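The next block holds one structure in the form of structure tokens; read it before the comments.
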Amino acid sequence: MTGVLIRGCKVAGRTFGSVYCEGGKVAKISQAETQVVPSGTEVVDANGGALFIGFADTHCHPFEYGWLKRSIDLRGTTNSAGIRLRLQGGIRRARPGEWVTGRGWDQEAMAGGAMPNRADIDDLSPSNPVALSRVCGHMALLNSRAIVELGLEGRTGDEYERDQTGSLTGIVKERALTEVFDRIPRSSERSAADLQSVEAEAARLGLTAMHCIVSPEGFREELGALASLDAAGSLSLRYRVYVPPEALDFAEEGRFRERLTGGMVRLNGMKIYGDGSLGARTAALRQPYSDAPSNSGMLRHSDEELAGLVEKADAKGYQVIVHAIGDRAVEQAAEALGRVAGSRNPRRHRIEHASLLPRDIRSKMARHGIRVAVQPLFVTSDTWALARLGEERVRDLYPFRSMLEDGIVASGGSDCPVESPSPILGMWAAMTRGGSTPEECLNLSQALSLYTSNAAANGSDDPVLEEGVGASLTVIDSDPEGMHPALFRKVGVLATIVNGNVVHSFGSA
Ligand SMILES: [Zn+2]
């Protein structure tokens, strides 16, 4: 393995200098612009840019994102001819018999507002089953091949739309749709290809690691893909993996804990869903929604159930991360995690999102050392937050600065594909917040810490840049010190280095 020299860069926000990496480690940090290095060393000219411990996204769903990237994008279609045209392209790329999926059609945007019908698409793909989701994700159009393959012909109920003659139109809704997508066959090869399409983009965005949430539907294939790509040495980023409770036994039996222990892929723990989302009013609140006074959302588990799941995983030595968005759910998660965390929280148990986080819950979390993974881009996307929560409560929504000041170790992420996986955009959102609750804006070093030191700490990686640590580094094209926060979104990524390998570089010598 050849060494890598990054020269002419500001190092970790301190002084200008150069960094030499060898054998996957940071070998020498120098205050000189450059260093004498062995011949054959790969050189990255930073030209006054800045180098940091590698950016990490501490909450993302790369397999889901990969699937979406290969699904046909039907947004903006205004008639069935438009849907047919894009579907044709997707079918051409598919192998015979392979499922073709798409998303984004909207009958409201079509002339006459009529629902599409399987007859509109059947002739295009007699040998490929097709499932096209409506823009909302609660309805889909299937072709006849899909209906036959899934054996849906005899199904009754409102979820399966029928025409006047009583035959299925191809439109399925709600629970039927979940069933369809659960039954679309998956393969480790397909999951591997999905992951690799995402990691190329992630490396360009400066990510050196992803905290990868494995899905309840596809954990067998996804863990299989991670293990085989790792064994073949074909991964370029590091993955810290979290499995759903239903996958825990499978992961143990498949010995994934032993198979996924390397520098590139590590099975870190278990992810539990505590509640839903504010957008859908399913996040569990202590007080009802301001725009739905009879609704307080819903918890996914009773207090005892959640505590039981947490204890089981903790006893096996796993880090537990709990999705909790409403204050009631965050409180419940803090209680369950606090019980096993003591005051030091040695397993780094964490709450994902922790969106509505009033002071009393923050104090409880700080007392137990419970960590948080936040998604700064949610702040700029949740345009309905004030309506859902009202003036008073909205001040406790995404209180990033208060969390850090209370001593909570908060790390950043995207929840990709919900938001863009760009850590630069995440930091920009954490510093600017689109103008909402400006007292919670982070300064530059706090915003950086979300994706560097705190992200590493929250995933059990090296949190400080010094000689001897793993050489996973991100180099950006400018020194952000003193830059106006609004300009930060324009910052580019010069190079991404993972375990001493340059996995992305812009103009390396
Ligand atoms: Zn998520």
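The values are calculated or read from the model by the stated rules, or taken from the named source; none is laboratory data. Since we're looking at a predicted model, the values are computed, not measured. FYI the Cβ positions are ideal-geometry reconstructions off the backbone, even for glycines, and counts take in every protein chain you see. What goes into the accessible areas is simple: the full protein's heavy atoms, side chains included, and nothing from ligands, DNA or RNA. Shrake-Rupley method; radii C 1.70, N 1.55, O 1.52, S 1.80 Å.
So the values come out like this:
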quantity	calculated
Sole exception among (1) over 23 Å from Arg433 (Cβ atoms); (2) open to solvent by less than 40 Å² (accessible area, probe 1.4 Å) for Glu466, by number	(2)
Matching residues in the stretch 342-371 - criterion: being on the phi > 0 side of the Ramachandran plot and within 14 Å of the ligand (Cβ to nearest atom)	His353, Ala354
Matching residues in the stretch 400-440 - criterion: being within 17 Å of Ala203 (Cα to Cα) and of a type outside the set (A, V, I, L, M, F, W, C)	Gly412, Gly413, Ser414, Asp415, Pro417, Glu419, Ser420, Pro421, Ser422, Pro423, Gly426
Residues located in the stretch 475-501, provided they are under 15 Å from Arg204 (Cα atoms) and small (Gly, Ala, Ser)	Gly492, Ala495
Residues of the stretch 333-352 satisfying the condition of being closer than 10 Å to Ala307 by Cα and open to solvent by 10 Å² or more (accessible area, probe 1.4 Å)	Glu335, Arg339, Val340
Pairs, first touching a residue at least 12 places away in the same chain (Cβ under 8 Å) and on the phi > 0 side of the Ramachandran plot in the stretch 9-35, second of a type in the set (Gly, Ala, Ser) and open to solvent by 50 Å² or more (accessible area, probe 1.4 Å), C-beta under 8 Å, six or more apart	Gly13/Ser445
Identity of the residue in the stretch 242-260, among the acidic types (Asp, Glu) and under 17 Å from Glu221 (Cβ atoms), that ends up most open to solvent (accessible area, probe 1.4 Å)	Glu253
Restricting the stretch 372-409 to residues that are within 16 Å of the ligand (Cβ to nearest atom) and either open to solvent by 40 Å² or more (accessible area, probe 1.4 Å) or assigned to a strand (DSSP E or B) (or both), the residue that is farthest from Gln319 (Cα to Cα)	Ser381
